[in-house]
Amino acid sequence: MERKILYSAVQPSGNLTIGNYTGAIRNWVRMQNDFDCFYAVADLHAITVRQDPATLRRRTLEIAALYLACGLDPEKCTLYVQSHVSAHAELCWILNTVAYVGEMERMTQFKDKSQKHADNINMGLMDYPVLMAADILLYQAHYVPVGADQKQHVEITRDIANRFNNRYGEAFRVPEPYILKEGAKIMSLQDPSKKMSKSDENLNASVYLADDRDTIIRKFKRAVTDSGNEVRAAAEKPGITNLLNIYAAFRGCTLEEAEREFQGTGYGDFKLAVGETVADALAPVQEKQKQLLGDKEYLAGVLQSGAENAFRAARKTLSKVCRKIGLYRGE
Ligand code: TYM
């Protein structure tokens, strides 16, 4: 039976947080045995906000190493850098003629980022979801494993795919988001009404995948909790609920199981347990990533064969699209 196709990516736009791990990468690893997976480092998306060129270059490689360190196997899935496959930018241009300005202006992330980077509301920032649609549609993906914040972008991808198919004839598979319950939305440790983000100015708000054990435990100890003293998930307890979610995601258990485990435990001991669990889980990943970054040649090789694989798959879709819309290709 033909395997279903999976597509996802992370932007090298800052230090990755445990949210990127639990919302995305962790799930990718589990799925690589059962799906045909394409995982990219989305460097073209990253430049929609200002990046320091040397840092962008370093982070791109760091994320590739992280993918491998987390357990993605280049023999099983295609790992590559988005800008190495020019078909992404080409299809993005074509889809720009199908996507509407009005719908892009309504995207939550565009509105948030425009506010945050008011001095740099560039065309790329608004076009971000169209490039994302190009990424996904090029590979005819069935599923897109992402965190909850990206659901809207997968939905607009579906709209764009349907619109194109209706207008020009079937060219794209219409993908579905794949969002797991535990870990799909990790909130800031300092303000649990806000998503944990790579770019938070408060360094205690986010736990980075690169943080050392002491830092991780300290950040969890300082995490904002709620009134009361019961460790239980509830709407009026956003801080504790977030910590329970993080624990469940890292332990691979359900929220209910996590709650049961900490019944009767005080906040202090609970926070320490979450910190230790996260630190224990990240230590081997950090060690492996460091090792991999010491072998740049190997990494470059993985990314090169990944890009070749990706190009082969992308080229098929792109030629089909060009034919459908009437771009002259010779007879
Ligand atoms: P990025 O780098 O912003 O996020 C990468 C992944 O991490 C998830 N995520 C979270 N999950 C849970 N809790 C959080 N606090 C949290 N913060 C981030 C995101 O949902 C995402 O899955 N636009 C994409 C990158 C991309 C992409 C694609 C994804 C480019 N092309 C094609 C899928 C398919 C993004 O948000 O990257």
| request: Give the residues of segment 160-191 that are among the basic types (Lys, Arg) and either crowded, with 22+ Cβ neighbours inside 10 Å or outside any loop (DSSP other than H, G, I, E, B) (or both), sorted by residue number. | output: Arg163, Arg167
| task | Go through Glu62, Glu103 for me and flag whichever is in contact with an Asp or Glu (Cβ under 9 Å, 6 or more places away or on another chain) and modelled with pLDDT of 95 or more. | result | Glu103
| said: Between Lys316, Lys320, Lys271, which is over 30 Å from Cys92 (Cα atoms) and assigned to a helix (DSSP H, G or I)? | reply: Lys271
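Let's see how each residue does on (1) touching a Pro at 6+ places or on another chain (Cβ under 7 Å); (2) more than 7 Å from the ligand (Cβ to nearest atom):
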position: Ala134; (1), (2): no, yes
position: Tyr139; (1), (2): no, yes
position: Ala148; (1), (2): no, no
position: Arg158; (1), (2): yes, yes
position: Asn165; (1), (2): no, yes
position: Ala171; (1), (2): no, yes
position: Glu176; (1), (2): no, yes
position: Lys185; (1), (2): no, no
| said: With the requirement that a residue be open to solvent by less than 60 Å² (accessible area, probe 1.4 Å), within 13 Å of the ligand (Cβ to nearest atom) and over 15 Å from the mean Cα position of the chain (by Cα), what does segment 192-223 give you? | reply: Pro192, Asp200, Ala205, Ser206, Val207
| said: Between a residue in segment 184-196 that is aromatic (Phe, Trp, Tyr) and any residue that is near the ligand (Cβ under 9 Å from one of its atoms) and part of a loop (DSSP other than H, G, I, E, B), which pairs come within a Cβ distance under 9 Å, given they are 6 or more apart or on different chains? | reply: none
| query | For Asp269, all conditions in the list (1) open to solvent by 60 Å² or more (accessible area, probe 1.4 Å); (2) modelled with pLDDT under 95 hold save one; what is the number of the exception? | reply | (2)
| task | Kindly list, by first and then second residue, each pair from a residue in segment 84-99 that is closer than 16 Å to Gly124 by Cα to a residue that is polar (S, T, N, Q), limited to pairs with Cβ atoms under 7 Å and residues at least 6 apart or on different chains. | result | His88/Gln82
| request: Could you list, in sequence order, all residues of segment 14-41 that are surrounded by fewer than 24 Cβ atoms within 10 Å (Cβ to Cβ) and closer than 14 Å to Ser83 by Cα? | output: none
| said: Out of the helices (runs of 4 or more DSSP H) lying entirely within segment 61-159, which hold 2 or more residues that are under 18 Å from Ala313 (Cβ atoms)? | reply: 87-96, 123-138
| said: Checking the structure you have, find out if any residue of segment 72-86 is on the phi > 0 side of the Ramachandran plot and under 17 Å from the mean Cα position of the chain (by Cα). | reply: no
| message | Is it the case, given these coordinates, that Asp43 is touching a helix residue (DSSP H, G or I) at 6+ places or on another chain (Cβ under 8 Å) and of a type in the set (Asp, Glu)? | response | yes
| said: Being under 30 Å from Tyr168 (Cβ atoms) and open to solvent by 40 Å² or more (accessible area, probe 1.4 Å): is that true of Ser8 here? | reply: no
| message | Regarding segment 62-70, can at least one residue be identified that is open to solvent by 20 Å² or more (accessible area, probe 1.4 Å) and out of contact with any helix residue (DSSP H, G or I) (no Cβ under 6 Å at 6 or more places or on another chain)? | response | yes
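The values are calculated or read from the model by the stated rules, or taken from the named source; none is laboratory data. The structure displayed is predicted, hence computed values, not measured ones. Every residue, glycine as well, gets a Cβ built from its backbone with ideal geometry; the counts of neighbours run over all protein chains shown. When the accessible area is computed, the model is the full protein with side chains, heavy atoms only, and any ligands, DNA or RNA have been set aside. Shrake-Rupley method; radii C 1.70, N 1.55, O 1.52, S 1.80 Å.
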